[in-house]
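Read-outs: derived from the displayed coordinates by stated rules, not from any lab. The shown structure was predicted, so the numbers you read here are calculated from the model rather than taken from an experiment. For neighbour counting, all protein chains shown are included, and Cβ atoms are generated from backbone atoms with ideal geometry for every residue, glycine included.
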Amino acid sequence: MQEPSVIHGTFVIRRSYSCAPAKVFTAFADKGKKRRWFVEGPGFAIDSFEMDFRIGGTESCHFRYIGDGPIDSGTPMGNDTWYLDIVPDQRIVTAYNMTMNGKSFSSSLATIDILKTDKGCDVLFTEQGAYFDGADGVKMREEGWKELLGQLEKELAR
């Protein structure tokens, strides 16, 4: 029997931040701030980053992995995102496609809920992904997002 070529997975990450929801929202909405925490991480060389933060807008990042790891150093990668829903200081919903060497390896629906708390806010990040033909899969993607949300915390402390 043939196995499916697409693996589906969902994960949820909840992370607390000691700042107002508006500050977290701005870190997603402002191109310069988002580039710092989302794009400019260690181990990546950035080729391009464009962002049009509005419902119907897009975001595009093309980069190369640099270093030792599961991907050959210099491998070109891409992340193309579409903004589906935006509620200021509360919610962002995106669909995004990841590529490696020009070939899609996953497509995802991501929901970022920003929830006010007594000590600041929580980000509830939910991803529903389709991972193609031996792609990174849900566990590796979840680890990647945990790292990104850690980078977001550093941006918020600036």
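Annotations for the structure displayed:
- Proxy reagent accessibility, fewest Cβ within 10 Å first, across 126, 117: 117, 126
- Loop-resident sites, region 31-72, for trypsin sites (Lys or Arg not before Pro), counting at most 14 other Cβ within 10 Å (DSSP): 54
- Relative contact order for the chain, counting Cα pairs under 8 Å that sit 6 or more residues apart, in percent: 28 percent
- All-pairs alpha carbon distance profile, region 21-109, 10 Å steps from 0, percent: 16, 46, 30, 8
- Helix-derived mean residue ellipticity, 222 nm - over the chain, DSSP H n ≥ 4, -39500 (n - 2.57), to 500: -6500 deg cm²/dmol
- Calculated from backbone phi, Karplus (6.51, -1.76, 1.60) coupling profile of region 43-57 in Hz, x at Gly/Pro: x, 9, 9, 8, 8, 7, 8, 10, 8, 10, 7, 6, 4, x, x
- Whole-Hz Karplus values for region 19-31 come out as 8, 5, x, 4, 5, 5, 4, 4, 5, 8, 8, 8, 4 Hz, taken residue by residue from phi with 6.51 cos²θ - 1.76 cosθ + 1.60 and θ = phi - 60°; glycine and proline positions read x.
- Rh by Kirkwood over Cα pairs, then Stokes-Einstein D for the chain at 0.692 mPa s and 37 °C, µm²/s: 202 µm²/s
- In this structure, residue 1 and residue 140 have a Cβ-Cβ separation that, at R0 = 25 Å, corresponds to a calculated FRET efficiency of about 0.40.
- Each Lys and Arg adds +1 at its Cβ and each Asp and Glu adds -1 at its Cβ; summed about the Cα centre, region 113-158 shows a dipole of about 200 debye.
- Label-point separation in nm, residue 130 to residue 87, each point 7 Å along Cα→Cβ: 2.7 nm
- Most positive-pole-ward Cα, 7, 140, 57, against dipole of the chain from beta carbon charges: 57
- The chain - charge dipole about Cα centre, Lys and Arg +1 at Cβ, Asp and Glu -1, debye rounded to 20: 560 debye
- Largest GNM mean-square fluctuation across 85, 68, 113, computed for the chain with C-alpha springs under 10 Å, falls on 68.
- Total charge dipole magnitude, region 1-73, about the Cα centre, Cβ charges on Lys, Arg, Asp, Glu only, Debye to nearest 20: 560 debye
- Which of 140, 98, 77, 1 has the fewest Cβ neighbours within 10 Å, and the rest in rising order: 1, 140, 77, 98
- Inter-label distance for residue 58 and residue 119, nm, one decimal - labels placed 7 Å from Cα along Cα-to-Cβ: 4.1 nm
- Relative counts (whole %) of C-alpha pair distances in region 98-158, using bins that are 5 Å wide: 4, 14, 21, 23, 16, 11, 7, 3, 1, 0
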